[in-house]
Amino acid sequence: MTGLDTRLLHLIGYIPNSYWDEKITRKPSYWTERIIAQLVFAREMSKVNDNGFDSVIEPVVSLLEHELKEEGAITKKIVLKSEAMLAPLQEAAKKYRILSVAHAHIDMNWKWPWHETVSVVLDTFKTMLKLLEEYPDFRFSQSQGAIYHIVEKYDPEMLEEIKTRVAEGRWEVTASHWVEADKNMPSGESLVRQILYNKRYLSSLFNLDMDQLSLDFEPDTFGHSLHVPEILSGGGVNYYYHCRGSEGPLLYRWEAPSGQSVIAYREPTWYSDYVQAIIGAYVPDICRQTGLDTYLYVYGVGDHGGGPTRRDLERLLDMREWPVYPTIEFGTYGQFFKLAESVAEQLPVVRGEQNVVFTGCYTSQTRIKKANRLGEAALNEAEAFRVVAGTETGMHYPAQSYEQAWRNVLFNQFHDILPGSGIVETREHALGLFQETMAIAVAGKKKALERLAETIDTSALAQSDHTEIAEGAGVGFGMKRFSISQVERGSGKVRIAHVFNPSWQAREEVVEWILWDWKSPGRSFVVRDADGVETPHQVMDQGYHHYWGHDYMRVLFKAQAPAFGYNTYTLSEAEHVYAPAFPSDSRLEKPKSYRLENDVLCAEFDPLTAAVVSLYHKPSGSELIDPNRPAGMFRLIKENADQDMTAWIIAEYMSMENLHSGVKWTKADTGGLRQSLGYELNFGRSLLKVVVKLDAGSNALIYHVECDWQEVGKRGDNVPQLNFNWPVSYSCSEYQYDVPFGTIVRQPIQQDMPACSWIRGARDGDDLPSIQVVTDSKYGFRGVDDAMAVSLIRSSFDPDPYPEQGNHHQFTLGIIVQQPMTNEQRITDADHFMHPLTVLSGTAHGGSRPLKDSFLELIEGTVAYSALKQPEERGQAAWIIRLYETDGLATKVKLKVKREVSRVCLVDGIENEREEKGSIALDNPFIELEVKPYQTAAIKIVFA
């Protein structure tokens, strides 16, 4: 720092830097602020010109110092004299431009309830409309489709005023997404739907071309995932504005692994501020960095809305008249990014994720996170089965209902809702939307499966017995697990079940059939597939349970399901029942087994702790547990609680307690299809109930966990965290995580990192198996020290003092042992974990469809499935299939479709047809397309 800078720094102390600045105890005079702001700007301008203007600046500084010393104040007369002395710099100063863009950052339900969010929107917009009326040069910009929907719903008259301002170009709609969403935890499909539904809605509402909605405005989002540029490009979004998650260049091209890129701007100061005279100080250096002569200045009070004030506009109008200060214009983001286009070829290229910030947000408010994962999964299956039922049976596709359900999910992905940094009202509203979403999705899926089942010819399988009570038993059964209800539709001594597969790959898995009011003597029965071949089965829990006037049994059987199709099974009385001559002899006692074993894995548990002390992979002969570091351990971590923002920040660990002392074993199943062990762990005021299962033929240990969590965080004491840890026997120099539309490899780090559902400890340099830990509702993972940890529950205390208390925590963890395989296979394993086979009770009737069939199959290609849905533009029998390349390979994708196809084409993220000759071909029943490395692709299939 030069002597001149030191002297200027003293002068700067007389003026405020921002409305966050609490150091100014007295309001400076207008003239003091005016001349010091010009001086600081002039000095910064001099710096980028080899200090060439210092000879003009230094005498003015001396004059002001003298005036302050002698008179104790800076007068108007001295300011005008100083400006005259600075006049040689005026021409250079006015070549710089401050493009002032007004915005009101409105957080959705952050620290307030929904009705307050509505009020914030309407109150803010009323102010903006009044300012637009009074100041003809003023422009205003606003993001988030959900905000405009609030206006449409709660003040339609105001919407008409906004439409007028949009049409005249003075109200800029900067919303390319439904909300300013989190970019790490939503699925890739959700991020596509953010754009799709928002663009369709706003283009219709304001009569805009979808291409005009080209900015992803994310000022406060907590990090930015790897494939975001690919997703944005596919949705016709070319520009990205953000504040957090990076310390790199300000203006750059952000490039996805696919090669697609967007022009990104990282806000160098802040996006929510009053207008302050000091802003000129930033201009020369920022313009030097960006290569532009224009500084994008975002102003307006935010978070709780408000936006710019009359004072802000008056200050800008005044400041643009200052002689040695940049040119000031009211403008829009669109203007700035068009300027950025002019230097696009010279911009630095940034590759990779822009992470991380606020790592506690990957775990805080677990119920909201579970709602997100389950909502995404349920809508994925509902859409897919419903569109298939539409093309196969003519069934109506409830597009409006599904869009509303998606809007619920998308709204809850706002960057203060899904990350869990809200209050109790935030959570209550989010979970209310979740319940509506699940009602739409589960009911829609159930209706689609029933319609498909009605077309299956089962007439030769069974006849109903109308004297029994089984038909209609079990209404609503299973809904607490967020699956379709397991109601009985048949009766008698032959029951029918259809097993539906939501994956485009064939599967063989153990499934559960709820058998209602079975009256056969001795409960002996056999299960057969569509070809009449007997399949193994297993009765769970020693028989009957009671449910609302009916009895049921849980019956497991090994099901085979064709790719995105179904198979039909029957359960009937066994022809011969062989009872043992004597019952098992209770006079002999055998030692209990603490082993789960099938033909793939053998897991040994410590009898005293329930920790996994051995996990042996039989095909490779590999032991995957270090004998000195048992796995499958639940831990109570206490984080330092001396700081605020505990919902956002995981502080340093103060202690880590192994919870496996005093384990209480509760159950053991040793059947041929499923083995399981159950145990309980008491700690603090909380209780953990765990059941670990291993199914026949499976390569995964599954942990079903219930937790009555009563630990409370306290300022100055600690933030308690429930954590799950799985060390491995091999060296991990890197860890793989799934992210939206792909995977990422990260180095070991003592910090939670985001993933959509799983982490894998990558094995160094051999072809032996590795471990993948997958979850049904968790997002915070830590890969370090040859181990993988999952943050399960955290009792942060601000802004919500009690975010997790209660006996409502249920989640599932999978420990998948994988032979060396492609990313596509790893993603598919995790997808099957999240989307199990679905069992539907059936009846005997005629039909046109065989007992088993497939509607869609992936034949080849390193691609993962994202969605199967009806096109938004309706009127023809058609599908949209979205997929993404997973392994960095140019791949040929081959799909097999059951029905005859008349036409196929590629579409973008907003379902506009694309012309790419030679990249897609139809040869009924096969469709082939070329997919580039890491590309997201969508195809439209029109049926004959």
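The values are calculated or read from the model by the stated rules, or taken from the named source; none is laboratory data. Computed from a predicted model, the values in this text were never measured in an experiment. Don't worry about glycine lacking a Cβ; one is built from the backbone with ideal geometry, like all the others, and counts go over all protein chains shown.
Counting only strands (runs of 3 or more DSSP E) wholly contained in region 456-560, the ones carrying 3 or more residues that are closer than 26 Å to Ile702 by Cα and outside the structural domain of Val863 (by TED's automatic domain parsing) occupy 494-500, 507-516, 537-539.
Yes/no per residue for (1) modelled with pLDDT under 95; (2) surrounded by fewer than 16 Cβ atoms within 10 Å (Cβ to Cβ):
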site: Pro28; (1), (2): yes, no
site: Phe41; (1), (2): no, no
site: Met45; (1), (2): no, no
site: Ser55; (1), (2): no, yes
site: Pro59; (1), (2): no, yes
site: His66; (1), (2): yes, yes
site: Lys69; (1), (2): yes, yes
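Within region 403-432, the set of residues being without any contact (Cβ under 8 Å) to a residue 60 or more places away in the chain and buried (at least 20 other Cβ atoms within 10 Å of the Cβ) comprises Ala405, Asn408, Asn412. So how many residues does region 824-840 have that are without any contact (Cβ under 8 Å) to a residue 12 or more places away in the chain and within 30 Å of Val487 (Cβ to Cβ)? So the answer is 0.
Might you let me know whether region 285-306 holds any residue that is aliphatic (A, V, I, L, M), assigned by TED's automatic domain parsing to the domain that holds Leu122, buried (at least 17 other Cβ atoms within 10 Å of the Cβ) and in a helix (DSSP H, G or I)? The answer is yes, given that some residue of region 285-306 is aliphatic (A, V, I, L, M), assigned by TED's automatic domain parsing to the domain that holds Leu122, buried (at least 17 other Cβ atoms within 10 Å of the Cβ) and in a helix (DSSP H, G or I). Being crowded, with 17+ Cβ neighbours inside 10 Å, in contact (Cβ under 8 Å) with a residue 60 or more places away in the chain and not small (Gly, Ala, Ser) is the requirement here; does Leu883 meet it? No: the conditions fail for Leu883. Restricting attention to region 810-822, the residues that are under 20 Å from Thr862 (Cβ atoms) and crowded, with 20+ Cβ neighbours inside 10 Å total 1.
One residue stands out among those in region 830-855 that are of a type in the set (S, T, N, Q) and more than 35 Å from the chain's Cα centre (by Cα): the one that is surrounded by the fewest Cβ atoms within 10 Å (Cβ to Cβ), which is Ser848.
Scanning region 832-886 for residues being farther than 29 Å from Gln463 by Cβ, in contact with a Ser or Thr (Cβ under 9 Å, 6 or more places away or on another chain) and of a type in the set (Val, Ile, Thr) gives a total of 4. For residues in region 299-316 being touching a residue at least 12 places away in the same chain (Cβ under 8 Å) and more than 17 Å from Tyr271 (Cα to Cα), which is farthest from the chain's Cα centre (by Cα)? The residue in question is Arg315. Considering the conditions (1) under 28 Å from Val356 (Cβ atoms); (2) touching a strand residue (DSSP E or B) at 6+ places or on another chain (Cβ under 6 Å); (3) buried (at least 22 other Cβ atoms within 10 Å of the Cβ), Val275 is excluded by exactly one of them, (1). Considering only residues that are surrounded by 16 or more Cβ atoms within 10 Å (Cβ to Cβ) and either of a type in the set (Phe, Trp, Tyr) or not in a loop (DSSP other than H, G, I, E, B) (or both), which ones fall in region 798-809? His809 - this is the single residue of region 798-809 that is surrounded by 16 or more Cβ atoms within 10 Å (Cβ to Cβ) and either of a type in the set (Phe, Trp, Tyr) or not in a loop (DSSP other than H, G, I, E, B) (or both). Against the conditions (1) surrounded by 21 or more Cβ atoms within 10 Å (Cβ to Cβ); (2) among the aliphatic types (A, V, I, L, M); (3) more than 16 Å from Asn412 (Cβ to Cβ), Ile368 satisfies every one except (3). Scanning region 354-365 for residues that are touching a strand residue (DSSP E or B) at 6+ places or on another chain (Cβ under 8 Å), surrounded by 22 or more Cβ atoms within 10 Å (Cβ to Cβ) and not aromatic (Phe, Trp, Tyr) yields a total of 4.
Considering region 197-236, the residues that are within 18 Å of Leu410 (Cβ to Cβ) and of a type in the set (Phe, Trp, Tyr) include one that is nearest to the chain's Cα centre (by Cα), namely Phe222. Within region 710-756, the set of residues being under 22 Å from Ser795 (Cα atoms), small (Gly, Ala, Ser) and surrounded by fewer than 24 Cβ atoms within 10 Å (Cβ to Cβ) comprises Gly713, Gly716.
Looking across region 489-512, the residues that are surrounded by 23 or more Cβ atoms within 10 Å (Cβ to Cβ), under 22 Å from Gly474 (Cα atoms), out of contact with any helix residue (DSSP H, G or I) (no Cβ under 7 Å at 6 or more places or on another chain) and not aliphatic (A, V, I, L, M) come down to Gly490, Ser491, Arg495. In a residue-by-residue description of region 733-749, the property of being of a type in the set (Lys, Arg), closer than 30 Å to Lys932 by Cα and in contact with a Phe, Trp or Tyr (Cβ under 8 Å, 6 or more places away or on another chain) applies to at least one position. Could you list, in sequence order, all residues of region 136-154 that are closer than 22 Å to Thr309 by Cα and surrounded by 17 or more Cβ atoms within 10 Å (Cβ to Cβ)? Residues satisfying the conditions are Phe138, Arg139, Phe140, Ser141, Gln142, Ser143, Gln144, Ile147, Tyr148, Val151. If you go through region 390-418 and pick out every residue that is among the aromatic types (Phe, Trp, Tyr), under 21 Å from Lys447 (Cα atoms) and not in a helix (DSSP H, G or I), you end up with 1.
Pairing each residue of region 890-903 that is in the same structural domain as Phe926 (by TED's automatic domain parsing) with any residue that is at pLDDT below 95, provided the two are 6+ apart or on different chains, yields C-beta distances under 7 Å for Glu900/Ala944; Val901/Ala944; Ser902/Ala944. In region 904-919, the residues that are closer than 18 Å to Lys892 by Cα reach residues that are hydroxyl-bearing (Ser, Thr, Tyr) with C-beta atoms within less than 7 angstrom, at least six apart or across chains, in these pairs: Leu906/Ser919.
Among the residues of region 326-360, those identified as touching a Gly at 6+ places or on another chain (Cβ under 6 Å) and either in the same structural domain as Ala430 (by TED's automatic domain parsing) or under 28 Å from Lys111 (Cα atoms) (or both) are Gln354, Asn355, Val356, Val357. Apart from one condition, Ala87 fits all of (1) under 44 Å from the mean Cα position of the chain (by Cα); (2) small (Gly, Ala, Ser); (3) assigned by TED's automatic domain parsing to the domain that holds Phe53; the exception is (1). Of all residues in region 534-582, those satisfying the criterion of being exposed (fewer than 13 other Cβ atoms within 10 Å of the Cβ) and either of a type in the set (Phe, Trp, Tyr) or at pLDDT 95 or above (or both) are Glu534, Trp548, Tyr578, Phe582.
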